[in-house]
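The values are calculated or read from the model by the stated rules, or taken from the named source; none is laboratory data. Keep in mind that this is a model prediction, so the values were computed, not measured. In this analysis, Cβ positions are derived from the backbone assuming ideal geometry, glycine residues included, and neighbour counts consider all displayed protein chains.
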Amino acid sequence: MTQELFTINNLWMMVATILVFIMHLGFASLEAGLTRAKNTVNILFKNTLIPAIGLLSYAFVGFNLMYPGGDFAGGFMGFAGFGLALPEGWDSSNYNAGYTFYTDFIFQAMFAATAATIVSGAVAERMKLGPFIFFSILYVGLCYPIVGMWKWGGGFLQTMATPFYDFAGSTIVHSVGGWAALAGAFLLGPRLGKYTPTGMKAIPGHNIPMATIGVFLLWFGWFGFNGGSVLTADPGTVSLVFVTTAIAGAAGAFGALIASYMKFKTYDITMVLNGILAGLVGITAGADQMGVGESAIIGFIGGTLVVFAVVFFDRIKIDDPVGAISVHLIGGIWGTLAVGLFGNLAGFQQIISQLIGIGIVGAFCFGSSWLIFFALKKTVGIRVDEREELEGLDINEHSMQAYPDFASKD
Amino acid sequence: MTQELFTINNLWMMVATILVFIMHLGFASLEAGLTRAKNTVNILFKNTLIPAIGLLSYAFVGFNLMYPGGDFAGGFMGFAGFGLALPEGWDSSNYNAGYTFYTDFIFQAMFAATAATIVSGAVAERMKLGPFIFFSILYVGLCYPIVGMWKWGGGFLQTMATPFYDFAGSTIVHSVGGWAALAGAFLLGPRLGKYTPTGMKAIPGHNIPMATIGVFLLWFGWFGFNGGSVLTADPGTVSLVFVTTAIAGAAGAFGALIASYMKFKTYDITMVLNGILAGLVGITAGADQMGVGESAIIGFIGGTLVVFAVVFFDRIKIDDPVGAISVHLIGGIWGTLAVGLFGNLAGFQQIISQLIGIGIVGAFCFGSSWLIFFALKKTVGIRVDEREELEGLDINEHSMQAYPDFASKD
Amino acid sequence: MTQELFTINNLWMMVATILVFIMHLGFASLEAGLTRAKNTVNILFKNTLIPAIGLLSYAFVGFNLMYPGGDFAGGFMGFAGFGLALPEGWDSSNYNAGYTFYTDFIFQAMFAATAATIVSGAVAERMKLGPFIFFSILYVGLCYPIVGMWKWGGGFLQTMATPFYDFAGSTIVHSVGGWAALAGAFLLGPRLGKYTPTGMKAIPGHNIPMATIGVFLLWFGWFGFNGGSVLTADPGTVSLVFVTTAIAGAAGAFGALIASYMKFKTYDITMVLNGILAGLVGITAGADQMGVGESAIIGFIGGTLVVFAVVFFDRIKIDDPVGAISVHLIGGIWGTLAVGLFGNLAGFQQIISQLIGIGIVGAFCFGSSWLIFFALKKTVGIRVDEREELEGLDINEHSMQAYPDFASKD
């Protein structure tokens, strides 16, 4: 490989890295926008800290859990030691055709924090800050990279006869977050006043412009999330991935628009926003394997599913203030399955492999996150007390307000 | 051409694609910020859906209308069929020296939605949602690519003896949106209470930080809009375009600052913001043909013009809540003319060609958008009823509020 | 050098340019968010105008002051004439291995405005607009490039026996802004009601989401600020710089979190946000000279320092509404010193050189900014009158409000 091509590939991977970085602002904006003003500082605090946790824990332990190297290949877990050690030829195509060692680390590190960011939305407005931070460190530092190793680190999901396929992480990233979001939301219970004897009460987000900014930034960053997962700047593959990613997001908007209009007879922007995200989550597993029409179908169904999923979780009284479980878990499962149903890899064997991956990752992630949340619940407690929840977490956990100059409605 | 150079060129075009994508968030933020809180969800809903409409319709029909291929070259309209069909060698410099087929499509697709986004601002706070969506699909899916073909698809504006010149779309993109904005604002009529017997009433935008975020994101994205229009990563041309784009925006700020201070004796940030945009629209037609000083002059005049245009349209009672017509139509005409007045192509013949392009595109766009709006007006109606306008479109069309936790002033 | 490598290098420098550009939106959002709603338009107005001032003044005079060319090398000041003159071979590696002449100019121009942007925050909520604009033009157009020449233009700080080292501008950019911020805040005096006989009164920022958006955008842009300062796309160096930049920001968050929790017993998001920035400012001087662990230490100490600095400046009654002096001046000094303490260049001689650079730049910048502010104070005045300050600058200087639709708290 020429030095020129290596430099181009590495440049794209670095640009993709920053695009994934800004997704954390996307999550912060979306989650803050879809919750109440009295809990805004708390959401922003968590989502500001999470990338910091992700970067530091991934440097200290995560990267070497996720990519333990050849000796552990095919196994369930391996570890190449604490901290980062520069290998020989780290800054040339001897290390990798697409990037240097440091690019490899930083691109992957930006992904790592995503898992906790997804959880943050689902447990919003009622979870104690300290236990959430503790959970995030464990989940991002240990659980995420262990699962990641199974597929991307050369583990058993990769070495199966028909390898589990997950291009950029419908399962390996989004479902990992989604399962923990489900465990957390279940163990916490719903927000006060959400489900009453007389029915479900909508608790609208306080700042729709923020939520919209969030979704646009996430879509923007997704071009790096999926496009960077090509791991080189190969013109054909990356540009195909751009098209499938864009089309799936667009189709997700329409899927959610139509489904929600038929169901609620109104134009619900939060559904459209979540529909875009579900379309994007849906295409993530097979973004390099689909054509334009298939991407549109996958995105459209993803957008439709999110509407039904939001209704479903409300019916079973799992309170997810921002719809994170519907988007990332349901969307992630759908996208992973879709690789077996559409595109180059479609086939019965592939469907089985996809189901195996979904199942095993789900069992491990739901189980491990449940264990951590449950242990925290039984010891320090995970839920703020009633007064604090009613007054808002901002005043109680942060001694401040997000908008001190404005009068509130009540 | 080496594979390396092709890969670099394609990489830049992909990066430029995402920069143009984020301009849609810029438009959404700007338009939401410059209108009232009670119509914010409506604006955001439209501006979120528009890129989705643009991507899907451009894949289905627009791209093949805009680039119908050789047989139609020189004509007024052609069509290469529905959907996207991969040509031979689509991912090599055999297709194009600067990009793959998919990059070509996705870069152009991001431009397509811009036309409708511009209209969205001008018809804000009083237009029905359904008809607007219908208009957008027709205008983005058919009118925009037909006009685009005349110049960029090798049509008659390109094959004239002295070709009409429009580097990145002062006319082909911005005026296309601006003419439809004019037709829509005229047929809708002004917002209730805007022009009273005792004079014009200012209706201030509800969120200046949002508007500021919007303009910065638009400026940011414009480096991809103009820089990507080089169609390769050629260092000399792209870096020149960066400089002319930056300088014209900066000079536009000062043009509007000075003109508005002289006229209103106050420092009006909305004028400065629109001045930046007018400077950017102004340089767009000739961004690769100007020097630093010429860019400053073009931007400065663009910024000045926007102030007078805003006053003018208010005087003739065309109510444009965000100044979209002043920025994109007046700025677009100015920028297109400027190619004949300044820079490498300046000359009498060029001025004539520019006037021909401005006139024909204007006649077609104003005419076709008028027809669509007029047909909608006479059938389903385009304007919300009085009660709905007074209460706000958010409650009535979307059953929600953008900021439910905050008390409103009155 | 091959044309391919030159094109790649130039592409990265152009992308880095836009990343630095968007930092101006970061500053605008951060400063607006951390001040009161009644002064928001004023802050945004200043921060929108500053990049325009930077671009125009740098084209007119700054670039040629900062890079006067060989004849002046080693001296204290030189000037290559007004405006930009294209040198021979400006768009090839004959001009520079990493970029064209225009890329060189535009990348540097984006840095130039940063100095005034930093000041904007420190003098917020009480400084007159006109004098601030006047100050900005002088400081950005003359003082910043003169100092920059000392190091990056080949001046005496560069030609010392042990050259002063400042990779991307902890001193040359951030302290330059920080010293002027100190001079301005001192000469203006504190905001009314900030320091009372009974103690210091906290004046909380009015929009924490805006402040959070600001910090994320600054972090995002910093990858271009530091990464672009490599001046090529060299894979090894740029990816190392990405890692050190990311890790220092993350460690800064934790440094400030721990220090502020120990000091105030609450989770203060504004401290965490400023801690991230202090970590980033801290790594800027040596981002290419540190390892991962050293970056974490530098960032962590930077984040800790900012908490103590904020308390310190309040104790000596220097009122800095957004913490700009603590972040950029204290963080900049710390980062510059850290080059002598950690990493490849650590050593006694280097510490001495760093101290020399810090001292001389500090004396010149504090002195010159003091002189300008003092002259303005004694002539036109720099502080708005008491009524205007109480009512807010938005109504008085701009005849408008940032959020006219919302009821304010009191």
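Things worth noting here:
- Odd one out for residue B:265 among (1) on the phi > 0 side of the Ramachandran plot; (2) crowded, with 24+ Cβ neighbours inside 10 Å; (3) within 12 Å of chain C (Cβ to nearest Cβ): (2)
- Taking the criterion of being under 16 Å from the mean Cα position of the chain (by Cα) and part of a helix (DSSP H, G or I), the residues of region B:263-288 that qualify are B:273, B:274, B:275, B:276, B:277, B:278, B:279, B:280, B:281, B:282, B:283, B:284.
- Number of the condition not met by residue A:115 [criteria: (1) in contact with a helix residue (DSSP H, G or I) (Cβ under 8 Å, 6 or more places away or on another chain); (2) surrounded by fewer than 24 Cβ atoms within 10 Å (Cβ to Cβ)]: (2)
- Listed by first and then second residue, the pairs with beta-carbon distance under 7 Å, at least 6 apart or on different chains, first residue in region C:289-311 and free of Cβ contacts under 8 Å to residues at least 40 places away in the same chain, second surrounded by 24 or more Cβ atoms within 10 Å (Cβ to Cβ) and not in a helix (DSSP H, G or I), are C:310/C:323.
- Scan region B:203-226 for residues that are in a helix (DSSP H, G or I), facing chain C (nearest Cβ under 7 Å) and buried (at least 24 other Cβ atoms within 10 Å of the Cβ) and the total you get is 6.
- Some residue of region B:324-335 being out of contact with any helix residue (DSSP H, G or I) (no Cβ under 7 Å at 6 or more places or on another chain) and modelled with pLDDT of 95 or more: no
- For region A:353-370, the criterion of being surrounded by fewer than 19 Cβ atoms within 10 Å (Cβ to Cβ) and more than 17 Å from residue A:180 (Cβ to Cβ) is met by at least one residue.
- Scanning region A:376-410 for residues that are aliphatic (A, V, I, L, M) and not in a loop (DSSP other than H, G, I, E, B), we see that the one that is farthest from the other protein chains (Cβ to nearest Cβ) is A:376.
This table checks each residue for (1) at pLDDT 95 or above; (2) in contact with a helix residue (DSSP H, G or I) (Cβ under 8 Å, 6 or more places away or on another chain).
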residue: B:8; (1), (2): yes, yes
residue: B:16; (1), (2): yes, yes
residue: B:35; (1), (2): yes, yes
residue: B:45; (1), (2): yes, yes
residue: B:48; (1), (2): yes, yes
residue: B:57; (1), (2): yes, yes
residue: B:69; (1), (2): no, no
residue: B:72; (1), (2): no, yes
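- Lone qualifier among B:197, B:131 - being surrounded by fewer than 24 Cβ atoms within 10 Å (Cβ to Cβ), of a type outside the set (A, V, I, L, M) and touching a residue at least 24 places away in the same chain (Cβ under 8 Å): B:131
- Matching residues, region C:133-158, being assigned to a helix (DSSP H, G or I), touching a Phe, Trp or Tyr at 6+ places or on another chain (Cβ under 9 Å) and not aromatic (Phe, Trp, Tyr): C:140, C:141, C:143, C:145, C:146, C:147, C:148, C:149, C:151, C:157, C:158
- Of all residues making up region C:319-359, the number that are more than 18 Å from the chain's Cα centre (by Cα) and β-branched (Val, Ile, Thr): 4
- Filter pass, residue A:6 being over 24 Å from the mean Cα position of the chain (by Cα), at the interface with chain C (Cβ under 8 Å from one of its Cβ atoms), part of a helix (DSSP H, G or I) and not aliphatic (A, V, I, L, M): yes
- Residue A:183, sole failed condition from (1) farther than 17 Å from residue A:285 by Cα; (2) assigned to a loop (DSSP other than H, G, I, E, B): (2)
- Pair list, Cβ < 6 Å and 6+ apart or interchain, from region C:340-364 residues that are more than 15 Å from residue C:157 (Cα to Cα) to residues that are acidic (Asp, Glu): C:342/C:294; C:343/C:294
- Of the helices (runs of 4 or more DSSP H) entirely within region C:21-132, those holding at least 1 residues that are out of contact with any strand residue (DSSP E or B) (no Cβ under 8 Å at 6 or more places or on another chain) and within 12 Å of chain B (Cβ to nearest Cβ) occupy C:40-57, C:63-66, C:101-112.
- Of the residues screened, residue B:166 is one that is within 23 Å of residue B:288 (Cα to Cα), acidic (Asp, Glu) and surrounded by 24 or more Cβ atoms within 10 Å (Cβ to Cβ).
- Being of a type in the set (Val, Ile, Thr) and in contact with a Leu (Cβ under 9 Å, 6 or more places away or on another chain) is a description that does not apply to residue A:258.
- Filtered residues of region A:235-262 (kept if of a type outside the set (A, V, I, L, M) and either within 7 Å of chain B (Cβ to nearest Cβ) or surrounded by fewer than 24 Cβ atoms within 10 Å (Cβ to Cβ) (or both)): A:235, A:236, A:237, A:239, A:242, A:254, A:261
- Look at region C:52-67: where a residue is closer than 21 Å to residue B:252 by Cβ and a partner is hydroxyl-bearing (Ser, Thr, Tyr) and at pLDDT 95 or above, sitting 6+ places away or on another chain with Cβ atoms under 6 Å, you get C:53/C:136.
- For region C:311-332, the set of residues classified as surrounded by fewer than 24 Cβ atoms within 10 Å (Cβ to Cβ) and assigned to a helix (DSSP H, G or I) consists of C:311, C:312, C:313, C:314, C:315, listed by residue number.
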